[in-house]
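Engineer: Take a look at this one; I'll ask things after.
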Amino acid sequence: MAAILQITDVNKSFGGLRALWDVNLTVEEGTVHAIIGPNGAGKSTLLNCLVGRLKPDTGSVTFEGRPIIGLPPHRINQLGIARVFQTPEIFEDLTLLDNVLIPAMAKEDGAFRLNAWQRVTRRRALIEEAEHILEDVGLADQRHRIAAALSRGDKRRLELAMCLIQKPKLLLLDEPTAGMSRADTNNTIELLKKIGEKGITKIIIEHDMHVVFSLAHRISVLARGTFIADGTPDEIKGDPKVQEAYLGGAHL
Amino acid sequence: MFKRNARQDLIFFLVFSAFVLSMPVLLAPIGAGYPDLLQKFAIYGLFAIGFNILFGLTGYLSFGHAAFLGVGSYAAVWMFKLLTMNVIPAIVFAVIISGLFALAIGYVSLKRSGIYFSILTLAFAEMSYKLAYSVLTPLTNGETGLQVKLRASGPVTDLINQDVRVLDAAMGIEENGIPAPSLFGLEITGWQAFYLCAVMLIAGFYIAMRINRSSFGMMLRAIKSNQNRLNYTGVYPRPYLLAAFTISGMYAGLAGALLAVTDPLAGAERMQWTASGEVVLMTILGGAGTLLGPFLGAAVIKYFENIFSAINENSLHAVLSFLPDPVENALVSVLSMFVGEGWHLTLGLLFMLIVIFLPGGLIEGFNRLIGLFTRSRKQTTGENREEA
Ligand SMILES: Nc1ncnc2c1ncn2[C@@H]1O[C@H](COP(=O)(O)OP(=O)(O)OP(=O)(O)O)[C@@H](O)[C@H]1O
Ligand SMILES: [Mg+2]
C-alpha cells in the first residue's frame, strides 16, 4: 500500500504553548486511521495544519507526494481533502439541498467560475446527486429546510454529506459523533463503513472508543502534542503507555 | 412564493415589467404620476438593485457606491460633449468606466472584510469626491459641475466649455442652442426619459434575477452564510466577491448615466457619503437580499422625499390654522423639523422603525401579511422562505 499522506517533523506553537511537537505520521491509502488522545493533545491543531487553516512552524506535509504546506484552503480541498469540523461548519441560512449543492458545484466548477447566467435548477445531474447523498445520510425528507433549524447531530450528518458529495481522496473527521445519541452514533458508524467501501481514506479523531474500534484499521495516540503510540487496534489496546497517558491507568 | 422555478420567475418578471411600465397610470392617484419623480424611482431602483447584488447576497456592506454613480454621470456627460447626444454611447461608456473603477476599488477593498471593508470603500469614495473638486477639475469642472455646452464653431481650446460632438458633427446634425439627449433623433425628455429609464430598470431587474438564481448567485449567498466553510469546500471567495462588486458598480454607473441623461449635468455632490448611505437605506428599507426590496425601498424613499421636502412652514401654518395661535405655532415649530430640509430626520426615524420592527424590510412586512392570510389555509412550516 502507498502512503497518501505523509507528515514529517511538524511543530506548531501558540506563543509559549507547544501544541505539536515533532509530529510524524504516515497514512496509508484506503485505510481508516484513528487519532486518539486526551483533550488539548493537539488533534484538531494537527488537522488545521493539514487543511491550510494553520501553517506549521516547521516540518512538511505531503499529500500524494506533493507538498501542501502554505497552500490556501481552497487549493488543498481541490486536491481532494475534505474535512468535517469539530463544531459543524455548514451554511446555516441555506437549505440542506443548497448546502450539499455548493460543494458539488465547487468540485465541478473549480475554485472560481463566473457562472452568472445558468440557473441552478438546470444542473439536474448535480441536484440528483445531492438528493442521493442526503438520502444516504438520512436527511432527504428535510432537504428544503433551512440548515439552521437542524439538531446538532443532523448538522454533523449534513456536513458529512457536504464532504462526501465531493468524493474526496482523503476525508478528515474531527469527532464526527460528538453530541449524537447512541442510535445516531451507530447510524453514523454504519454510514462511515459504507463509504469506506468506496475507498476514501479517512483520518478520524474520536473520543468514543466504540466508534474507534468499530472503524479504525490503525490507531495513533497523541498526547501533549506528540505521538506516543501507533499500531493496529489490538496493539493499542494492550499498550501500557497508552493506558497511562490516555486513560490514567484504566483498562481499555 | 417565487422559488427558483423558471416559469414562476417569468411570470414574476412579466408582472414586474407591466407594473413598471404602467406606473404613470397606477401611481397617479398618489400624486406620483409624473416623469420627473417616476424616473427617479427607476434610476435609484437600478442603483439599489445593483447594490443589493453585493450587499444583499454577499453581506459585504459598501459605503462608497455613490462614487460609481458619480463616475457614471461624468462619463456620460463626456460622451455627450465629445461624441454625440445619442444616449447609447453615453450609457455604454458610463457602465464600462464605472465597472473598471469598481474593479480597481474592489480589488483593494476586498483585501479586508467586515467593518474594515466598509471603511475602505468609504475612504475611496470620499477620496474620489475630494479629487473631483481639486486635482481632477479638468475632468469634472469642480464645483460648477460638468455640463453640455454649445458646439464649438472654430478651433477648440477648452473642452470643458466648448463641446465638439464629433459624431453628431460628422453626421451633419444641426444644433440650435444646447441640444437635449436623444435616441436616434427622438428627444429624451419628459415621458420619453421616463420610459428609457423604465426599460433600463426592467433589463437591470432581469439580469439581477438571473444572477440571483444562478450558481454564481448561490456562491455569493454561501459567502454571506459561511465564508470559512466555503474556503474548505474548495471555493476561492475573493474573485466571486470582486465580480459582485464590479457588477454592482456597473449598475451604479448605469444609474449615474441615466441621471445625466435626464439632466445633462454631473456634479461631485453625487459622490458624497450621504449618497452612498442613501442606497444602503433603500436596500435595507425594502429588504436586503430580496429581488423586489431594493426597488421598493428606492421608490418609497424617493416618494416620501418628494412629499416631505416640499412641505414648508407656510404650508404647515395653512393646514394647522384652525388651531389656537400658540398651539399652532408650537406645533409648526416642532413639525417643521421633520419637513423640508429636515426631511432626513423623518427618513432616519422611518429607518430606525424598520430596522427595529422589520429587520427584513418592507418585503418581510408583506410576507408576514401574506402569511397571516394563508396560515388558516396552509400550515406554514418555515420550510419555504420567501425570496421575492
Ligand atoms: N488558535 C489557537 N491559538 C492558541 N492556542 C490554541 C489554538 N488552537 C489550539 N490551541 C491550544 O492548543 C492545544 C491543542 O488544542 P487542540 O484543539 O488541537 O486539542 P484537541 O486535541 O483537538 O482537543 P479536544 O479533544 O478537546 O478537541 C490546546 O491547549 C489549545 O488550547
Ligand atoms: Mg479538537
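Each reported figure results from applying straightforward, stated rules to the coordinates on display, with no laboratory input. Since we're looking at a predicted model, the values are computed, not measured. Here the Cβ is made from the backbone with ideal geometry for all residues, glycine too, and neighbour counts use every protein chain on show.
Engineer: How large is the direction-averaged shadow of the alpha-carbon convex hull of region A:49-190, in nm²?
Structural biologist: Numbers: hull surface 38.2 nm².
Its average projected convex-hull area is 9.5 nm².
Engineer: When every alpha-carbon pair in the protein assembly as shown is counted, what percent end up more than 44 Å apart?
Structural biologist: Taking all Cα-Cα pairs of the protein assembly as shown, the fraction more than 44 Å apart is 37 percent.
Engineer: Is the shape of chain B best called rounded, prolate or oblate, per the rule: a/c under 1.5 gives rounded, else a/b larger than b/c gives prolate, else oblate, with a ≥ b ≥ c the square roots of the Cα gyration tensor eigenvalues?
Structural biologist: oblate
Engineer: Need the C-alpha centroid separation for region B:87-125 versus region A:1-30, integer Å.
Structural biologist: 44 Å
Engineer: If we count trypsin sites (Lys or Arg not before Pro) as exposed when they sit in a DSSP loop and have at most 15 other beta carbons within 10 Å, what is the longest stretch of chain A that avoids them all?
Structural biologist: Values: sites that count: A:LYS198, A:ARG224.
By the stated rule (loop sites, at most 15 other Cβ atoms within 10 Å), A:1-197.
Engineer: Under a Cβ-Cβ cut-off of 10 Å, what is the net charge of the residues other than B:ASP168 that fall near it, where Lys and Arg count +1 and Asp and Glu count -1?
Structural biologist: Value of the local net charge: -1.
Engineer: How big is chain A by Rg and Dmax over its Cα atoms, in Å?
Structural biologist: 18.5, 62
Engineer: Continuing with the same structure: Label points 7 Å out from Cα along the Cβ direction at B:ALA318 and B:VAL156: separation in nm?
Structural biologist: 4.8 nm
Engineer: List the chymotrypsin sites (Phe, Trp or Tyr not before Pro) within region B:100-195 that fall in a DSSP loop (any state other than H, G, I, E or B) and whose Cβ has at most 10 other Cβ atoms within 10 Å.
Structural biologist: Details: sites: B:PHE101, B:TYR107, B:TYR116, B:PHE117, B:PHE124, B:TYR129, B:TYR133, B:PHE184, B:TRP191, B:PHE194, B:TYR195; in loops: B:PHE184.
Answer by residue number: B:PHE184.
Engineer: How much of the DSSP bridge set in chain A is antiparallel, in percent, rounded to the nearest 5?
Structural biologist: 55 percent
Engineer: Within 9 Å, Cβ to Cβ, of A:ALA2, how many net charges do the neighbouring residues add up to if Lys/Arg are +1 and Asp/Glu are -1?
Structural biologist: -3
Engineer: To the nearest 0.05, how large is the calculated FRET efficiency for B:ASP325 and A:ARG182 if R₀ is 60 Å and r is the Cβ-Cβ distance?
Structural biologist: Using R0 = 60 Å, I get an efficiency of 0.15.
Engineer: Taking 7 Å along the Cα-to-C-beta vector as the label spot, tell me the A:GLU235-B:SER309 distance in nanometres, rounded to one decimal.
Structural biologist: 7.9 nm
Engineer: Assuming R0 = 25 Å, what is the FRET efficiency of A:SER13 and A:HIS207, from their Cβ-Cβ distance, to the nearest 0.05?
Structural biologist: 0.50
Engineer: While we're on this one: Identify all lysines with a Cα-Cα distance to B:LYS111 below 29 Å; exclude those on the same chain that are fewer than 8 residues away in sequence.
Structural biologist: Within reach: A:LYS12, A:LYS55, A:LYS107, B:LYS130, B:LYS224.
Engineer: Something else about it: Go ahead and estimate [θ] at 222 nm for chain B from helices alone: -39,500 (n - 2.57) per DSSP H run with n ≥ 4, summed, over the residue count, rounded to 500.
Structural biologist: Here the helix-only value at 222 nm equals -22000 deg cm²/dmol.
Engineer: Chymotrypsin sites (Phe, Trp or Tyr not before Pro) within region A:82-188: which are DSSP loop residues with at most 13 other Cβ atoms inside 10 Å? Could you put the intermediate results ahead of the total?
Structural biologist: Numbers: sites: A:PHE85, A:PHE91, A:PHE112, A:TRP117; in loops: A:PHE85, A:PHE91, A:PHE112, A:TRP117.
Sparse-neighbourhood loop chymotrypsin sites (Phe, Trp or Tyr not before Pro): A:TRP117.
Engineer: Same structure, new question: Taking the Cβ of B:HIS317 as the center, what net charge do the other residues with Cβ under 12 Å away carry, scoring Lys and Arg +1 and Asp and Glu -1?
Structural biologist: Taking every Cβ under 12 Å from that of B:HIS317, the sum is -3.
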